[in-house]
Amino acid sequence: MKSIRDINVSNKRVLVRVDFNVTLDKQGNIVDDFRIKAILPTIEYLIENHAKVILMSHLGKPDGQVVEGLRLDPVREKLAQYLNLPIIKTQDCIGEAIVEQVLKLLPGEVLLLENLRFHKEEEANDNKFAGELARLGEVYVNDAFAVSHRKHASVVAIVKHLPAYAGLISEKEIRILSEVLEDPPRPLAVIIGGAKISTKIKLIKRFLGFADNILLGGALANTVLRAQGMAIGKSLIEEEMVGEVKSLRLTDTKLHIPVDTVVSADKTGKGKMGVAPVGKIGGDELILDIGPETEKLFGEVIKSAKTVIWNGPMGLFEVEQFEHGTDAVARAIISCSCRSVVGGGETTAFLAKHGWVDKFFHVSTGGGAMLEFLAGEKLPGIEALK
Ligand code: ADP
Ligand code: MG
């Protein structure tokens with residue numbers, strides 16, 4: 001894989017696929033700018049090396065049409081603030097008018113193209129669309145690791161049209177994630193939480209054979225509890241996954257699942273709540289977090305680990321009453337002397353909210369991409385760079 005650092009970018013139009021898929025609130029303000037901050041070193045590198053920088057990204061799911069609320073203007077504004085530079089923003093991402101704008105760029109200037117997914121050809125990995133994008137640059141850089149598990153035009157088809165290189169983020173993600181997969185300092189503890197076990201079962205299977213300990217929390221642990229025949233009340237569960245989960249080695253001593261839980265009949269956090277040991281969960285109750293005994297157990301395992309991989313919250317952390325377990329796991333990892341690798345959209349949003357992103361060895365920009373990479377799948381966007 002060739003790196004952006006291996007070439008002379010001076011005076012060249014460098015077309016960079018980035019991931020500016022930020023969360024917006026109802027007023028269109030950016031809720032969490034972790035992804036924008038993460039890309040700044042790449043842009044700064046290109047500016048310092050006198051490149052003409054052209055950024056392209058998707059935002060949300062406009063499904064191939066122009067959706068006013070999904071224009072990249074709020075991103076432009078944030079970027080201009082952080083870089084302390086004017087950023088040019090176009091009204092589309094392809095076409096003659098855009099080509100003209102791009103040809104006027106001077107070295108060190110930065111231009112942001114409009115949302116790629118306003119064109120349905122992007123997600124269809126359309127070759128002609130990729131060719132149109134490629135007209136804008138002389139060199140292509142993929143620095144959108146988080147999108148590299150998608151076979152989309154700006155990630156895959158485009159490499160047929162331009163010399164392609166990995167950006168600084170992509171490079172770093174691949175290096176660090178490969179290291180923890182190949183020869184991690186041991187013991188290796190893997191903590192998996194979040195909503196759906198179906199999205200993470202491949203990862204669980206892989207690490208059951210490779211990690212020294214696997215800790216499961218969040219709603220996905222409910223499905224495991226159910227597979228073990230435990231009552232889980234009205235908790236969130238993926239019924240259709242129970243069969244497959246039963247086929248895992250659930251009695252493996254490496255596998256740790258919650259021994260107690262925080263329950264309530266009301267997930268708004270306003271109703272009565274309490275701690276229930278697993279096995280004593282009422283029919284009307286919902287499991288909304290891991291309990292204090294589980295926090296202690298998980299904390300011990302984390303403390304003794306030399307490498308920790310964490311993906312997925314331990315409970316319904318968006319409600320303050322149910323964020324304690326996620327908070328405890330985060331703190332345990334922060335205070336252990338281990339190499340910590342963390343990822344997941346909600347997990348990183350939680351860390352960003354607390355200002356803890358810098359306290360981890362590596363916070364991945366990839367949610368789904370990180371999961372697939374760690375599960376041993378090949379990412380089309382990364383393969384395309386080889
Ligand atoms: P990530 O994006 O970090 O990989 P997921 O997308 O898998 O995480 O899951 C995150 C969601 O899981 C959060 O919105 C959280 O509220 C939810 N969740 C976790 N545990 C529970 C639970 N016990 N009950 C309901 N929702 C839960
Ligand atoms: Mg998520």
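Assorted remarks:
- Test: residue in the stretch 317-338 that is touching a helix residue (DSSP H, G or I) at 6+ places or on another chain (Cβ under 7 Å), open to solvent by 10 Å² or more (accessible area, probe 1.4 Å) and within 14 Å of ligand 2 (Cβ to nearest atom): yes
- Flag for Leu371 being away from ligand 2 (no atom under 16 Å from the Cβ), in contact with a helix residue (DSSP H, G or I) (Cβ under 6 Å, 6 or more places away or on another chain) and in contact (Cβ under 8 Å) with a residue 12 or more places away in the chain: no
- Only one of Thr23, Thr90 that is open to solvent by 60 Å² or more (accessible area, probe 1.4 Å) and in contact with an Asp or Glu (Cβ under 6 Å, 6 or more places away or on another chain): Thr23
- Test: residue in the stretch 266-274 that is small (Gly, Ala, Ser), touching a Ser or Thr at 6+ places or on another chain (Cβ under 9 Å) and surrounded by fewer than 17 Cβ atoms within 10 Å (Cβ to Cβ): yes
- Among the criteria (1) in contact with a Lys or Arg (Cβ under 8 Å, 6 or more places away or on another chain); (2) within 26 Å of Glu240 (Cα to Cα); (3) more than 16 Å from ligand 2 (Cβ to nearest atom), the one Lys205 does not fulfil is (1).
- Filtered residues of the stretch 226-261 (kept if open to solvent by less than 20 Å² (accessible area, probe 1.4 Å) and either in contact (Cβ under 8 Å) with a residue 60 or more places away in the chain or over 27 Å from the mean Cα position of the chain (by Cα) (or both)): Ala227, Ile232, Asp260
- When residues in the stretch 122-142 are screened for being open to solvent by less than 20 Å² (accessible area, probe 1.4 Å) and polar (S, T, N, Q), 1 of them pass.
- Residues that are without any contact (Cβ under 8 Å) to a residue 24 or more places away in the chain, closer than 25 Å to Thr347 by Cα and either of a type in the set (Asp, Glu) or not assigned by TED's automatic domain parsing to the domain that holds Ser148 (or both) within the stretch 1-56 comprise just one, Asp25.
- Test for Lys78: is it assigned to a loop (DSSP other than H, G, I, E, B), at pLDDT 95 or above, open to solvent by 40 Å² or more (accessible area, probe 1.4 Å) and within 24 Å of Val22 (Cα to Cα): no
- Filter result for Lys61 (part of a helix (DSSP H, G or I), closer than 30 Å to Lys353 by Cα, without any contact (Cβ under 8 Å) to a residue 60 or more places away in the chain and within 21 Å of the chain's Cα centre (by Cα)): no
- Residue check, Ala305 assigned to a helix (DSSP H, G or I) and either surrounded by 21 or more Cβ atoms within 10 Å (Cβ to Cβ) or among the aromatic types (Phe, Trp, Tyr) (or both): no
The values are calculated or read from the model by the stated rules, or taken from the named source; none is laboratory data. Because the structure is predicted, anything quoted here is derived from the model rather than measured. All Cβ positions, glycine included, derive from the backbone under ideal geometry; neighbour counts span all protein chains shown. These accessible areas exclude ligands, DNA and RNA; they are computed on the full protein's heavy atoms, side chains included. Shrake-Rupley method; radii C 1.70, N 1.55, O 1.52, S 1.80 Å.
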